[in-house]
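Here, each number is a calculation from the coordinates, and none is a lab measurement. From a predicted model like this one, the values you see are computed outputs, not experimental measurements. Cβ placement follows ideal geometry from the backbone for every residue including glycine, while neighbour counts extend to all protein chains displayed.
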Amino acid sequence: MISLPRFEQWLEITRTEPLAESPEIAAGRQAEEFLKGLVDSNLRFKGAHCFVGKRVPAPALRRRFEIDLVVLTRKQLHILEVKNWSGELFPQRKGWVQRKRDGREIEHQNLTRYNSQKVEVLLDYLQKHGVNLKNTMVSQKVLFMNERLTIYPDIMADRDVIVRSQLDDYLGSQKGSSYGERLLFSVIEACLDAEKSSILVGGLFKAIKKREFKEAVKALSELRTWDLVGCYGGRILQGDGLSLRCNGKSYDLKKLENGKRLEFKWQRNRLVGLLGTLLTRRPIGKVRGLEKKTGIDPRSATLLFHAAGQPSPTSINLRELEWFVRG
């Protein structure tokens with residue numbers, strides 16, 4: 001006998017609108033994925049440790065600051081913001097403006113000034129973990145990856161701005177297994193050379209004490225990244241996953257281990273899904289990654305998610321989602 005409730009559930013799934021990613025966000029995510037695809041959480045090169053996409057808590061400001069790339073050497077801590085912008089970039093008032101190829105203009109903060117705030121927050125975090133580094137032992141840079149970005153001279157004159165072409169001298173000497181890996185090693189080499197230049201100008205740097213270096217590696221490793229949610233249609237949301245509700249149960253997503261992935265499977269195909277709905281008793285939706293494969297009712301299954309930059313969490317129906325990854 002055909003179940004009308006099951007048929008109505010399936011109709012809800014087929015009526016779900018796909019959400020595509022915007023071109024600007026997709027371009028930014030390419031830079032993030034470039035870094036995250038190279039290292040899991042900690043890569044070592046010439047004694048340097050590399051950390052990608054770390055979020056540093058700032059309790060006084062009731063927020064977290066995201067740092068794209070942290071390179072820790074025996075003598076300095078380097079913070080890098082990585083952007084994949086295209087078009088033109090010019091200064092305006094206290095910030096920067098990106099003019100796209102189609103004439104649209106996007107206002108940004110002056111990233112080198114913003115990075116200075118991140119430096120203070122990171123130093124405070126490390127101090128609470130027994131690592132006392134002076135400001136002189138920390139450098140910050142903004143790396144523009146896209147060679148199709150034209151940067152006005154006033155911004156290029158900022159010594160904390162790096163463009164991809166400045167890494168060319170390093171690329172040829174690297175022996176990484178891929179172009180991306182060689183590029184990352186080139187960034188580290190540039191950091192090491194910057195240290196040497198600073199020594200020549202300002203005198204000898206004191207090396208970070210062995211104990212503090214070890215504690216710094218541990219503290220940086222423990223920093224979390226964003227949780228990610230993949231929407232039906234390709235859009236990706238980043239923020240904090242709070243809870244998953246399905247079949248009358250609630251699962252605390254904060255208790256999942258870092259890197260844990262949940263997949264939400266739906267009968268979206270109109271022909272196969274309809275036949276499966278009408279002729280079988282198989283669940284219309286499933287969650288993979290919990291203690292066992294769980295069938296779900298799309299009408300009541302939700303994920304509570306606090307998206308980055310939003311003032312409060314929102315409840316998202318699982319039929320709109322494809323996957324969730326714990327950061």
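One table, with the values for the structure above:
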| quantity | calculated |
| --- | --- |
| Cross-link pairs Lys134/Lys260; Lys54/Lys94; Lys206/Lys255 - those with Cα-Cα distance over 29 Å | Lys134/Lys260; Lys206/Lys255 |
| Under 12 Å from the Lys209 label point (7 Å along Cα→beta-carbon), backbone N, region 108-147 | 130-133 |
| Neighbour-count order for Asp158, Asp193, Asp102, fewest beta carbons within 10 angstrom listed first | Asp102, Asp193, Asp158 |
| Alpha-carbon centroids, region 206-261 and region 140-167: separation in whole Å | 30 |
| Fewest-first sequence of Tyr125, Tyr114 by Cβ atoms within 10 Å of each Cβ | Tyr114, Tyr125 |
| Amide hydrogen neighbours beyond the local backbone of Val138, cut-off 5 Å, H modeled | Leu77 |
| Extension gain, Ser243 back to Asn135 (0.36 nm per residue minus Cα-Cα distance, nm) | 35.0 nm |
| Residues Phe213, Phe305, sorted so that the one with the fewest Cβ neighbours within 10 Å comes first | Phe213, Phe305 |
